[in-house]
Each structure stands twice: as structure tokens, then as C-alpha cells.
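Taking it in order: structure first as C-alpha cells, then the write-up.
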Amino acid sequence: MTANSEDHATPTPRFDLGPIISTPGALDALQRNAMSGLELLARHARGEWGELCDEDKQANDSAIQTGARIMSAYTLPDGTKIWLITDAEIDDQHHRQSSVFLLPTEY
């Protein structure tokens, strides 16, 4: 394991998630895969961005500091792609608008 991956494995969330919501398609995909989404949400909050290119991962790391939008991408056991997006903050860098589970086709 690299030092970078160890840093991301910490159990402490790296940013506020805001209210958690989901689109109907993402809920259906999670149910089909017998998942609640909590594991993906925890990975997202720890900075385990999933299947993103290095540039997008670096943008997420910067967004934690600047309050910009943060996105993770994961593949469910049945092959369905699901995204988790935490919207930019409203008033300050500590309170995000929301985090939403969605399918790429629902963006």
C-alpha cells in the first residue's frame, strides 16, 4: 500500500456531506445489488474516489479545501456505474449543500 492510499483509508470523514439524497435510478441499482449505499458513502467521505482519473482525483482533493463540488464513481457488483456527488458549499467551507447518489444517465 502506498502512503497516499493509507492516508485515504482513515475512518474520519474528510469533508461534510450535507443531506444525503438519491435519484430513483440509483436507489433501484443499490437495491438490485443488495446495498444500502453506506459503504460507498463512507468511501466517498474518506476520499476514496473510486474509478476516476488522476486529474479528477486531484480536483476532488483540492475541492475539499476550496469548497467546490466533489465526485466519486463506483461500479456495483452487477456492473452498474453509480456516481456520488457532493455539491459545493453554500455559505462556508464546512457545510455542503447535499450529497446525491445517481446514475451517469441521470446527470
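Odds and ends about this structure:
- Evaluated against (1) surrounded by fewer than 18 Cβ atoms within 10 Å (Cβ to Cβ); (2) in contact with a strand residue (DSSP E or B) (Cβ under 7 Å, 6 or more places away or on another chain), residue 41 falls short on exactly one condition, (1).
- Residue in region 36-64 that is nearest to residue 96 (Cα to Cα), counting only those that are part of a loop (DSSP other than H, G, I, E, B) and not acidic (Asp, Glu): 47
- Residue pairs meeting the criteria (Cβ under 8 Å; at least 6 apart or on separate chains; first more than 13 Å from residue 83 (Cβ to Cβ), in region 18-47; second part of a helix (DSSP H, G or I)): 20/41; 36/30; 46/8; 47/7; 47/8; 47/60; 47/61; 47/64
- Taken across region 13-35, residues that are within 16 Å of residue 107 (Cβ to Cβ) and in a loop (DSSP other than H, G, I, E, B) do occur, with at least one present.
- Every condition in (1) closer than 22 Å to residue 23 by Cβ; (2) at pLDDT 95 or above; (3) not polar (S, T, N, Q) is met by residue 96 except one, and the failing one is (2).
- Within region 65-84, the only residue that satisfies the criterion of being without any contact (Cβ under 8 Å) to a residue 24 or more places away in the chain and more than 14 Å from the chain's Cα centre (by Cα) is 79.
- For region 70-93, a tally of residues being modelled with pLDDT of 95 or more, assigned to a loop (DSSP other than H, G, I, E, B) and not polar (S, T, N, Q) returns 4.
- In region 49-88, the residue that is nearest to residue 27 (Cα to Cα) out of those that are among the polar types (S, T, N, Q) and buried (at least 17 other Cβ atoms within 10 Å of the Cβ) is 80.
The values are calculated or read from the model by the stated rules, or taken from the named source; none is laboratory data. These numbers come from a predicted model, not from an experiment. Virtual Cβ from ideal backbone geometry, glycine too; neighbours counted across all protein chains shown.
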